[in-house]
1. Quick one: length gained pulling residue B:210 to residue B:28 fully straight, 0.36 nm per residue minus the C-alpha distance?
2. How much of the DSSP beta bridge set in the protein assembly as shown is antiparallel, as a percent to the nearest 5?
3. Given R₀ = 41 Å, FRET efficiency for residue A:81-residue A:149 by Cβ-Cβ distance, to 0.05?
4. Under a straight-distance cross-link criterion of Cα-Cα below 25 Å, which lysines are reachable from residue B:55, leaving out those fewer than 8 residues away in the same chain?
5. Only counting other Cβ atoms within 10 Å, I'd like B:230, B:45, A:86, B:153 sorted with the fewest neighbours first.
6. List the pairs from A:81/A:218; A:81/A:214; A:218/B:108; A:106/A:214 whose alpha-carbon separation is above 31 Å, in the order I gave them.
7. Taking each residue of B:94-106 in turn, how many C-beta atoms of other protein chains fall within 10 Å of its C-beta, and what is the average?
8. How shielded is B:79-90 by partner chains, expressed as the average number of their Cβ atoms within 10 Å of its Cβ atoms?
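Every read-out reported here was derived from the displayed coordinates using simple, explicitly stated rules and does not represent laboratory data. Just so it is clear, the model here is predicted, and its values are computed rather than measured. Here the Cβ is made from the backbone with ideal geometry for all residues, glycine too, and neighbour counts use every protein chain on show.
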Amino acid sequence: MSAVQPIATAPTKTVSTDIELLRAESLFCERDERVLFEDLAFSINAGEIVQVEGPNGSGKTTLLRILSGLSGAYEGRIYWKGEPLSSARIDFLSNLLYLGHKPGVKAILTPVENLRALMGMRQGVTDGEIYHALEKVGLYGYEEVPCHNLSAGQHRRVALARLYLSNDAIWILDEAFTAIDKAGVKALESLLADRAQQGGAVILTTHHELKLEKGFRKLRLGKSQEQAPSCVIEEEGRR
Amino acid sequence: MSTLVSETPSLSHVFSTVLKRDLTLAYRRRQDLVNPLIFFVIVVSLFPLGVSPEKSFLQEAGAGVVWVAALLATLLSLDGLFRSDYDDGSLEQMILTPQPLFIMVLAKIFAHWLVTGVPLLILSPVLGIMMHLEFETIKVLMLTLLLGTPVLSLVGAIGAALTVGLRVGGVLISLLILPLYIPVLIFGTGTVQAAANMLPVDGYIALLGAILALSLTMSPIATAAALRISLSS
């Protein structure tokens, strides 16, 4: 078994600037004595969109938590711009936007207050920009309504408004499309495509069929009872 | 997106953002805040009824009773310090900012003290009068609470951070934290006893101040580390 799998060839259909942002080598993670993935290796360049795919319980969220640095329960090496993640941590966090399963939106705060708090910890954002971003995600008129009065989809959209405020180099989105309606998903897909065009990298998990014109890569976390866990990297593109 | 200005906010801006957010949250859930306060008043006012309404006894035990009640009331409120932030993912977002986590933790603890410690401090003279404490003694009692209640919040935060990832954290916090509260309690009540007996209290006050300085510098760092451990599982 080779320690490092060949890293997938540079995608031809994406506008890749060929700057390697994140690279993982021989990642291994097990949970409750089940191996989620082993010998996992991949890299993500600027301008790339990578979808992590796999059945429930295959370790998608765990992988994203490991990549974002939230979880240390793994073996292997992760590099940010060629430097080990542990030593490049501040630079990595300054360039990371992570949206987890739990979106970090407080139910008893209004969307504006939520974004003010979430963004205020990271970068300077004016109220005008916040209102603008909320309008973009379709929450115009709901800016001052406490989030517990919003629907599940609208709740999610408050968190997604951060995407419109962010100029971070890498986005890690865990189940970003949950509870979002069709029009919203379409708007998000075009946002992601624009983002990649501008040289941002996106890693996401979703059970939704992604439709991106420029194409994207899939990282498949597979597992079956008999076989050893495996990981397949393939390219998916549509014209 | 490229039009956005992205300058890293200053530490004081991060601190005030978190503080403002936590105070807004506390204001929206003010009925939860009243809980420990009512507990504080009830415990102290039940004492004369349950033990003895004698003036001499109350003067003797008053300061200790107020202090124990304040300590238990703080303990009651601790579980909520990080719980809701943990449940809705806000804590993950805090950890994933490039800012030092202990600044945000310090802001959260300060907010916690403002909404639990300060009200206890304001109520204490009323309860002091009820316990027949002298005016001078009440002043010293308030001074010890002013120095002591921030320590209760600071030290309690470590326990709250360690147990936030557990489904049943409540009992564990008490067991972890109570031993660390003992020195504050001893010096807090000791100061008031000394004042009641017309003895100098400077030494006690200095020790309480030293405990506050120690916990102010160490606790945010320990709490931040504990939060990282709780979230990495």
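1. 62.0 nm
2. Counting DSSP beta bridges with both partners in the protein assembly as shown, the antiparallel share is about 55 percent.
3. 0.45
4. B:139
5. By the 10 Å Cβ count, ascending: A:86, B:45, B:230, B:153.
6. Checking Cα-Cα distances, A:218/B:108; A:106/A:214 exceed 31 Å.
7. Average neighbour count from other chains, rounded to a whole number: 4.
8. The shielding value for this peptide is 3.
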